[in-house]
Amino acid sequence: MKKVSLITTALLFLFTSVANAHGPVRQKAEQEITINAPAEKVWALIKDFGNMSWHPDIFNTSSEGGNKKGGTRVLTLKDGNTITEELKKYDDAKMSYAYKITEMSTAKTITHAGVEEKVPALPVDNYSASIEITAKGDSSVVAWTAGYYRAYTNNNPPEEMNEETANAAVNAVLKAGLISLKALAEK
């Protein structure tokens with residue numbers, strides 16, 4: 001009986017330790033917009049993975065590999081920071097593609113818990129996203145979905161790299177892009 005009690009106590013201790021020592025939780029941002037333009041017209045604006053001129057926060061884009069899986073694009077933001085993305089999936093017939101961030105420049109450096117920490121251009125880690133257009137009669141619905149972790153993957157993140165900051169930044173990027181796309185497509 002003592003053996004069972006000892007094992008039970010050890011398992012409870014192990015479970016409690018694991019439960020209290022968790023890191024960040026994967027976050028998800030979803031933005032959707034209805035555009036009063038045919039899906040084909042909207043797709044024509046975004047289908048080139050190497051061209052993000054439709055997004056107001058992007059100053060310049062350079063790319064290699066076109067719309068083939070493994071193609072890359074380097075986004076230069078208006079503030080001079082860069083984000084490198086890789087195309088993971090492309091489907092012209094379904095008017096969709098998926099990509100992931102592979103590298104980002106450092107927007108600034110902060111001191112947190114006595115350590116110098118680099119804050120990336122977008123305060124996220126392990127970011128992947130997809131964008132898809134669905135025809136709705138003469139209109140289109142564009143859905144942009146992203147999954148990611150906060151930039152600081154240890155416990156007790158600084159404000160610049162916590163979940164709230166990551167969620168606000170990602171939602172702002174998605175929303176600004178979709179609003180701009182709507183304005184361009186409805187011209």
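Annotations
- Ala121 meets the stated requirement of being crowded, with 16+ Cβ neighbours inside 10 Å, of a type outside the set (Ser, Thr, Tyr) and either touching a residue at least 12 places away in the same chain (Cβ under 8 Å) or out of contact with any helix residue (DSSP H, G or I) (no Cβ under 6 Å at 6 or more places or on another chain) (or both).
- Every condition in (1) without any contact (Cβ under 8 Å) to a residue 60 or more places away in the chain; (2) touching a Phe, Trp or Tyr at 6+ places or on another chain (Cβ under 8 Å); (3) within 11 Å of Ala37 (Cα to Cα) is met by Ala183 except one, and the failing one is (2).
Conditions (1) outside any strand (DSSP E or B); (2) surrounded by fewer than 18 Cβ atoms within 10 Å (Cβ to Cβ), marked per residue:
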residue: Lys28; (1), (2): no, yes
residue: Lys41; (1), (2): yes, yes
residue: Asn51; (1), (2): yes, yes
residue: His55; (1), (2): yes, no
residue: Phe59; (1), (2): no, yes
residue: Gly66; (1), (2): yes, yes
residue: Thr76; (1), (2): no, yes
residue: Gly80; (1), (2): yes, yes
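- Elements of the type strands (runs of 3 or more DSSP E) sitting completely within region 84-187 and holding at least 3 residues that are more than 15 Å from the chain's Cα centre (by Cα): these cover 106-112, 115-120, 124-136, 139-150.
Condition check ((1) crowded, with 16+ Cβ neighbours inside 10 Å; (2) touching a helix residue (DSSP H, G or I) at 6+ places or on another chain (Cβ under 9 Å); (3) on the phi > 0 side of the Ramachandran plot) across all residues:
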| position | (1), (2), (3) |
| --- | --- |
| Thr106 | no, no, no |
| Ile110 | no, yes, no |
| Ala113 | no, no, yes |
| Glu117 | yes, yes, no |
| Ile133 | yes, yes, no |
| Arg150 | yes, yes, no |
| Asn156 | no, no, yes |
| Leu174 | yes, no, no |
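- Ala21 meets all of the listed conditions (1) surrounded by fewer than 15 Cβ atoms within 10 Å (Cβ to Cβ); (2) at pLDDT 95 or above; (3) hydrophobic (A, V, I, L, M, F, W, C); (4) closer than 24 Å to Ala151 by Cβ but one, namely (2).
The values are calculated or read from the model by the stated rules, or taken from the named source; none is laboratory data. Keep in mind that what you see is a predicted model, and the values were worked out from it rather than measured. No Cβ is skipped: glycine too gets one built from the backbone with ideal geometry, and neighbour counts run over all protein chains shown.
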